[in-house]
Amino acid sequence: MTRIAVIGGGRIGEALISGLLKSGRAPKDLVVAEQYAPRAEELSGQFGIRATTIGDAVEGAHVIVIAVKPTDVDSVMTELGSVDLDGDVEQLLVTLAAGLPTVRYEAKLPAGFPVVRVMPNTPMLVGEGVSAIAAGRYATAEHMATVREILGAVGKVVTVAESQIDAVTAVSGSGPAYMFLVAEAMIEAGVGLGLTRATATELVVQTMVGSAAMLAGSGDSAHDLRAAVTSPGGTTAAAVRELERGGVRTAFYEALAAAKSRSAALGASPE
Ligand SMILES: NC(=O)C1=CN([C@@H]2O[C@H](COP(=O)(O)OP(=O)(O)OC[C@H]3O[C@@H](n4cnc5c(N)ncnc54)[C@H](O)[C@@H]3O)[C@@H](O)[C@H]2O)C=CC1
Ligand SMILES: O=C(O)[C@@H]1CCC=N1
């Protein structure tokens with residue numbers, strides 16, 4: 001079985017580890033390198049996986065996953081540079097960090113070391129993630145297939161050119177936050193209209209689950225599904241008019257454009 005070393009056991013590292021274990025991967029095939037000791041202990045206790053140093057974690061690992069903040073990537077790469085990566089197993093580096101291009105990693109790795117850039121999202125914690133994967137210069141179709149298999153266990157996987165990863169980050173990487181924000185706003189509005197918080201929450205959560213299931217399963221477009229709820233002169237039309245008056249579409253467009261720019265800016269920052 002492919003042995004995976006996850007460097008960085010924060011929110012996305014945990015989502016990946018948890019999702020992989022839930023999908024049937026054995027704890028012995030996963031190892032985490034997390035610098036904050038209490039967090040490392042927590043992950044090790046919760047998931048029954050080994051928590052260790054970067055140098056130890058990458059030894060014998062087929063896949064090295066970088067799951068630290070973009071600002072911490074350079075120090076991790078410097079540390080990786082001091083360990084012997086040319087061991088007995090063929091290795092592949094997979095980065096989940098926003099913004100940073102594959103060349104930035106390749107420059108710090110032995111010549112020809114394969115790198116795959118991934119933009120995942122947190123719903124992989126419950127097996128419903130979506131990840132876009134992009135090949136670096138030295139990543140082969142076989143490397144891409146390995147990454148597809150790993151992330152396919154925790155959600156859907158799409159392949160894109162690296163030039164599209166900033167846009168993907170804006171849409172699906174940050175996307176869950178937009179969904180949670182909409183849920184939060186709807187729950188508050190329900191409470192404002194006199195529902196208990198528990199009732200408003202139950203109604204909103206199941207409305208999101210049901211709507212997502214229809215979008216994913218019916219084959220109808222978002223536009224058609226919305227139109228089907230919008231009776232002429234009815235309640236939904238009254239609500240949608242207010243949302244449009246509030247500039248909801250422009251707000252989403254500008255928000256995603258800001259996320260894309262931010263992702264590109266992270267990549268453009270000097271080492
Ligand atoms: N949170 C999200 O929804 C998503 C995050 N990402 C990317 O995933 C990466 C991680 O993000 P989060 O998990 O949210 O951040 P986080 O801050 O929750 O986790 C990062 C972890 O890395 C650890 N760390 C930092 N330097 C280290 C080192 N040298 N050695 C070992 N551990 C080290 C930190 O102690 C922390 O636990 C980021 O690059 C982000 O762009 C990508 C998609 C979605
Ligand atoms: O906010 C961030 O920078 C990360 C990348 C995508 C989602 N969270």
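Throughout, read-outs are computed from the coordinates displayed, never taken from laboratory work. Everything numeric in this text was worked out from a predicted model, so none of it was measured. Counting neighbours? That spans all protein chains shown, and the Cβs are built from the backbone with ideal geometry, glycine included.
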Gyration tensor (Cα only) of the range 175-266 to equivalent ellipsoid, semi-axes in Å sorted down, yields 24, 18, 16
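With charges set only on the Cβ (+1 for Lys and Arg, -1 for Asp and Glu), what does the dipole of the chain come to about its Cα centre, in debye to the nearest 20?
My answer is approximately 660 debye.
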Output for the range 179-230 (equivalent-ellipsoid semi-axes, sqrt of 5λ from the C-alpha gyration tensor, Å, descending) is 24, 11, 9
One would report the antiparallel percent of DSSP beta bridges in the range 4-161, rounded to the nearest 5, as 15
Fewest to most Cβ atoms within 10 Å: Val68, Val154 sort as Val68, Val154
Among beta bridges assigned by DSSP with both residues in the chain, the antiparallel ones amount in percent, to the nearest 5, to 15
Note on the range 82-169: contact order normalised by length, alpha-carbon pairs under 8 Å, 6 or more apart, percent, works out to 27
To the nearest 10 degrees, the tilt of helix 37-47 (Cα long axis) against the first principal axis of the alpha carbons of the chain is 70
Taking r as the C-beta separation of Asp56 and Ala141 and R0 as 22 Å, the FRET efficiency to the nearest 0.05 is 0.10
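Count charges around Ala5 for me, please; just the other residues with Cβ under 12 Å from its Cβ, Lys/Arg as +1, Asp/Glu as -1.
Working: positive: Arg3, Arg50; negative: Asp29, Glu34, Asp56, Glu59.
My count for the surroundings of Ala5 gives -2.
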Of the candidates Ile64, Gly192, Ala134, the farthest towards the positive dipole end of the chain (Lys/Arg Cβ +1, Asp/Glu Cβ -1, centred on the Cα centre) is Gly192
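Could you put His143, His62, His223 in order, starting from the residue whose Cβ has the fewest other Cβ atoms within 10 Å? Don't jump to the answer; show the numbers that get you there.
Details: His143 21, His62 16, His223 8.
Result, fewest neighbours first: His223, His62, His143.
Tell me the relative contact order for the chain as a rounded percent, counting alpha carbon contacts under 8 Å between residues six or more apart.
15
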Most fluctuating of Leu80, Leu203, Leu193 in the GNM of the chain (C-alpha, under 10 Å) is Leu193
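Where Lys and Arg each count +1 and Asp and Glu each count -1, what net charge lies around Ala189 among other residues with Cβ under 13 Å from its Cβ? Intermediate results must be reported in sequence, preceding the final value.
Values: positive: Arg197; negative: Glu184, Glu188, Glu242.
Net local charge, Ala189 excluded: -2.
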For the pair Ala216 and Ser82, the simple spin-label estimate (label points 7 Å beyond Cα toward Cβ) gives in nm 4.4
The range 57-81 and the range 174-251 have their Cα centres apart by a whole-number Å value of 40
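Relative to the present Cα-Cα distance, how much length would full extension add between Thr235 and Gln206 at 0.36 nm per residue of separation?
Values: separation 29, 0.36 × 29 = 10.44 nm, distance 1.95 nm.
Separation in residues times 0.36 nm, less the Cα-Cα distance, equals 8.5 nm.
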For the chain, the Cα-Cα pair-distance distribution in 10 Å bins from 0, as whole percents, is 6, 26, 31, 20, 12, 4, 1
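Note down the net charge around Val76, summing +1 for each Lys or Arg and -1 for each Asp or Glu among other residues with Cβ under 12 Å from its Cβ.
-1
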Magnitude of the Cβ-charge dipole (Lys and Arg +1, Asp and Glu -1) of the range 175-266 about the Cα centre, nearest 20 debye, reported as 220
For the table Lys156/Lys260; Lys108/Lys156; Lys22/Lys156, the rows whose alpha-carbon distance is greater than 24 Å are Lys108/Lys156
Only helices counted: for the chain, with every DSSP H run of 4 or more residues adding -39500 (n - 2.57) and the sum spread over all residues, [θ] at 222 nm is -16000 deg cm²/dmol
Comparing Leu93, Leu43, Leu243 in a Gaussian network model of the chain (Cα, 10 Å), the one with the largest mean-square fluctuation is Leu243
For the chain, the longest principal axis of the Cα atoms and the Cα long axis of helix 175-192 enclose an angle in degrees, to the nearest 10, of 30
